[in-house]
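Quick notes on the structure that follows.
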Amino acid sequence: MPRPRAVWLDDPEDGGVAGPGEPALDRSLAGIPSTTKFVCHSGAEGALVLNAGGVDTSSCNAVFPRLGQIPAANKSLVLTSPDDHGTPALSSQHGVCAGALGNFKVDAYDWGFCWRSWDALRSCAYTGQECEYALGNTPQNRFIGTWSDGTPIVGLKVQTSGLTAPQPTPARAPAPPKRNLIDRPATAKVTAVVRRSGRVTAVRGTAADDRGVASVELAVVRRKGSTCSQLTPAGAFAALKVCSRPSVLLTAKGTRAWTVTLPKHLEPGGYTLVVRATDSAGQQRQSSPRAVDSR
């Protein structure tokens with residue numbers, strides 16, 4: 001089975017068929033990697049209270065104690081609460097994140113919590129960014145949105161350990177401080193060249209961005225006189241019209257720390273390495289060329 005990077009559970013329950021306390025849940029969840037980013041949501045009027053006497057052992061309260069291998073920074077137990085400040089009132093019954101399924105309608109919980117939290121958790125797992133919008137008891141995570149008169153919606157109750165309960169109801173969560181929305185392109189650079197018998201076989205480097213690095217690519221350019229060619233994934237060299245603008249790039253493994261294993265060992269001669277990084281917004285930036293010799 002693939003190793004999960006992110007898991008987001010919405011008010012999980014076994015339906016009470018086997019009794020309160022979710023006895024149908026696996027006794028051990030140790031197979032989930034410790035690096036997994038994990039969010040478990042329960043509604044204050046949902047699965048926690050559907051089965052009499054099951055508040056302390058139902059839904060996410062049954063799941064969370066079995067995630068001891070996941071550090072607190074990588075997991076959140078969250079609770080939504082009902083809010084009747086406006087009309088129609090916001091319900092935290094089972095189905096908070098159902099969207100427009102069945103008799104449910106899309107509301108502030110879908111926009112301000114369910115979809116926001118999941119998107120942020122996925123971004124956190126893949127790029128290391130937006131984690132504060134899905135994990136931890138942060139202002140960004142607690143805030144769901146506001147009613148039409150500007151009154152904040154009752155915020156999320158967020159924990160990284162223990163069990164959750166409908167009472168006490170959490171406070172209305174104000175909007176978090178606005179962040180700097182300037183989005184700069186990612187940067188990347190070569191930090192090491194791997195050689196075997198003097199010939200270059202692989203290239204390593206790093207990349208960084210103020211939001212997230214989506215991908216890194218490497219171009220290997222060979223110059224002979226006034227002509228240039230570029231290394232292709234097949235291990236051949238293809239003609240290049242403008243030496244400073246390679247069009248064929250090799251995909252790196254990794255992002256913030258990346259490696260490109262070359263499809264062939266470079267023959268003796270001089271080469272230029274150009275790195276192109278793409279950030280999570282699709283912006284691209286090409287590094288300054290770096291000269292390297294292969295012997």
Carbon plus sulfur, as percent of the 1.4 Å-probe accessible area of segment 1-156, comes to 55 percent
What is the distance, in nm, between label points placed 7 Å from the Cα along the Cα-to-Cβ direction at K253 and at D56?
5.0 nm
Per 0.36 nm of contour for each residue apart, how much would the distance between A208 and D149 grow if the chain were fully extended, relative to their Cα-Cα spacing?
17.2 nm
Let me know the Kirkwood hydrodynamic radius for segment 225-295, please, with Cα pairs as the basis and the value in Å to one decimal.
13.5 Å
So how long is each side of segment 101-201 along the principal axes, counting just the alpha-carbon atoms, biggest first, in Å?
68, 34, 32
Segment 100-115 and segment 160-222 have their Cα centres apart by a whole-number Å value of 30 Å
Compute the angle between helix 116-127 and the longest alpha-carbon principal axis of the chain, please, reported from 0 to 90 degrees and rounded to the nearest 10.
30 degrees
Accessible area per residue, Å², the chain with all protein chains present, probe 1.4 Å
52 Å²
Quick one: which of 155-166, 92-103 comes out on top by average Cβ neighbours within 10 Å, and what's the full order, highest first?
155-166, 92-103
Starting from the Cα gyration tensor of the chain, take the square roots of the eigenvalues, sort them a ≥ b ≥ c, and report rounded, prolate or oblate (rounded when a/c is under 1.5, otherwise prolate if a/b is larger than b/c, else oblate).
prolate
Segment 13-102: spread of alpha-carbon positions along the three principal axes, whole Å, largest first, is 43, 31, 24
Over the Cα atoms of segment 1-62 the radius of gyration and the largest Cα-Cα distance (Dmax), both in Å, equal 12.5, 37
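The values are calculated or read from the model by the stated rules, or taken from the named source; none is laboratory data. Just so it is clear, the model here is predicted, and its values are computed rather than measured. Every residue, glycine among them, receives a Cβ derived from its backbone with ideal geometry; neighbour counts consider all protein chains shown. Surface areas here come from the heavy atoms of the whole protein model, side chains and all, with no ligands, DNA or RNA. Shrake-Rupley method; radii C 1.70, N 1.55, O 1.52, S 1.80 Å.
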